[in-house]
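Structure record follows, encoded as structure tokens.
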Amino acid sequence: ASVKDAIRRIHSALLQRCRHVSDTTPSAVLYSLLRIGLQIVLQLVGVIFALVFFFRFFCDRKRCKSIPANEAVQASCFHEIHSSLGQHIFVKGADDVSLHVVVAGSGPLLLFLHGFPECWYSWRHQMSAFSVSHTVALLDMRGFGLSDKPSSLRSYSIHTLVQDVRLVVQQLGFECCSLVCHDWGAVVGWLVALQHPSMLTHFIPLSIPHPSCWLPNLTCTQALCSAYIAFFQLPYLPEIYLTANRYAMLRWIFRHTKQIHLSQTDIDFYIANAHQPKALTAMLNYYRNIPYDFRTHVGLSSKPSPRLSVPTLLIWGKDDPILQVELTRGIEKFVTSVSVKIIDNCGHWVQMDAWPQVNRLIADFIRNTK
């Protein structure tokens, strides 16, 4: 309780400070110093956890033994799946980056954004269900899938990612959409909803809370669960760790489902996705931008956003090992119309782990909310 009180006091002080500073040079310098300090702390913590992660990984022989596929099988699976689902098109995002989108159906636009370390394929169960009544668009976010993978770190800033989503909607020929998003896609999705509310008719984030819910609900347990973010700040080591033993760690991550287990073909597809040149570094650059965009991520911008007015459905897996359900507390203070649905016996990969329940919740929400 004392730790939580201390965190809340720090959060209140930071919030008050950020709301009253002007865009003057001293405040910009102060923010730069805070960002550098945050980077140093994260990298120090990252080094500690790097030692822990590598020790656990190389001592866990069972995990390393469960690596069947070779690169040829993965590549064949990758191209076969890409040619079998939907229409594959490319549109231009911010900075003229080419973004891959899989489109099916007709009607109002239903846009899906995936998370790390995924791609459009994570929404395959939703495509078949909703393409009957909607134009379903599954976006490969920049750095993932067949989308471009810029080498510059700041090409993955949160503001650039928001611009990507806005431009995708426009280039698909729509003025607005219903937005469904998970993990990093939901991090971006919240900012899209807050900055461009008129662009959304429905907003459905999975497993990610409103930005202003992070700090007030942060616990020691959640901080430990999120320690991998510090590890991902380090150069080179995360890439080595994730690719070691033919991507054994990624395979292990995707086996963490509770209800519906991913097939070997599904896992091979994700491994082939990560095996593309520059892919893992591009994916990790989302995390490596957090120190630069920290205030935006946790709702500490100098100009606080008004309450979100877009009808919102937040879906969460009760047994998510990465993001605790307690992060949803107090969301009603920041969203005018929000419904929170917790799915029992479900982990982090909600849209795959419990896709029948997720599809039903999305369909009911869109049908009953105008």
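The values are calculated or read from the model by the stated rules, or taken from the named source; none is laboratory data. Being a predicted model, the structure only gives us computed values, none of them experimental. These area figures cover heavy atoms from the full protein model, side chains too; ligands, DNA and RNA do not enter into them. Shrake-Rupley method; radii C 1.70, N 1.55, O 1.52, S 1.80 Å.
Quick notes on this structure:
- With the whole protein complex present, residue 220 retains an accessible surface near 70 Å², based on a 1.4 Å probe.
- Calculated on C-alpha atoms, the gyration radius of segment 155-235 divided by its Kirkwood radius gives an Rg/Rh of 1.04.
- Note on residue 326: accessible area approximately 70 square angstrom, rounded to 10, probe 1.4 Å, nucleic acids and ligands left out.
- Under 5 Å between amide hydrogens, built in the peptide plane, is the criterion, and for residue 330 it picks out nothing among residues at least 5 positions away or on other chains.
- The heavy atoms of residue 160 present about 20 square angstrom of accessible area, all protein chains included, probe 1.4 Å.
- Carbon plus sulfur fraction of accessible area for segment 172-241, probe 1.4 Å, in percent: 69
- Taking θ as phi - 60° and the Karplus parameters 6.51, -1.76 and 1.60, the scalar couplings of segment 359-370 work out to 4, 5, 4, 5, 4, 5, 5, 5, 5, 9, 10, 10 Hz in sequence order, x denoting glycine and proline.
- Rolling a 1.4 Å probe over the protein heavy atoms of segment 120-166, with every protein chain left in place, gives an accessible area that is 52 percent carbon and sulfur.
- Taking 0.36 nm per residue of sequence separation and removing the Cα-Cα distance, the residue 132/residue 152 pair yields an extension gain of 3.3 nm.
- Alpha-carbon radius of gyration plus Dmax, which is the widest Cα pair, for segment 183-334 in Å: 16.9, 48
- Evaluating 6.51 cos²θ - 1.76 cosθ + 1.60 at θ = phi - 60° for every residue in segment 236-248, the Karplus couplings come out as 6, 4, x, 4, 5, 5, 6, 8, 4, 6, 6, 6, 4 Hz, glycine and proline recorded as x.
- Summed over the residues of segment 165-273 and divided among them, the accessible surface reaches 34 Å² per residue at a probe radius of 1.4 Å.
- For segment 113-122, backbone phi angles converted through the Karplus equation (6.51, -1.76, 1.60; θ = phi - 60°) give residue-by-residue couplings of 10, 8, x, 9, x, 9, 6, 4, 4, 5 Hz, Gly and Pro being listed as x.
- Amide H contacts for residue 109 (H built 1.01 Å from N in the peptide plane; partners 5 or more residues away or on another chain; cut-off under 5 Å): 135, 178.
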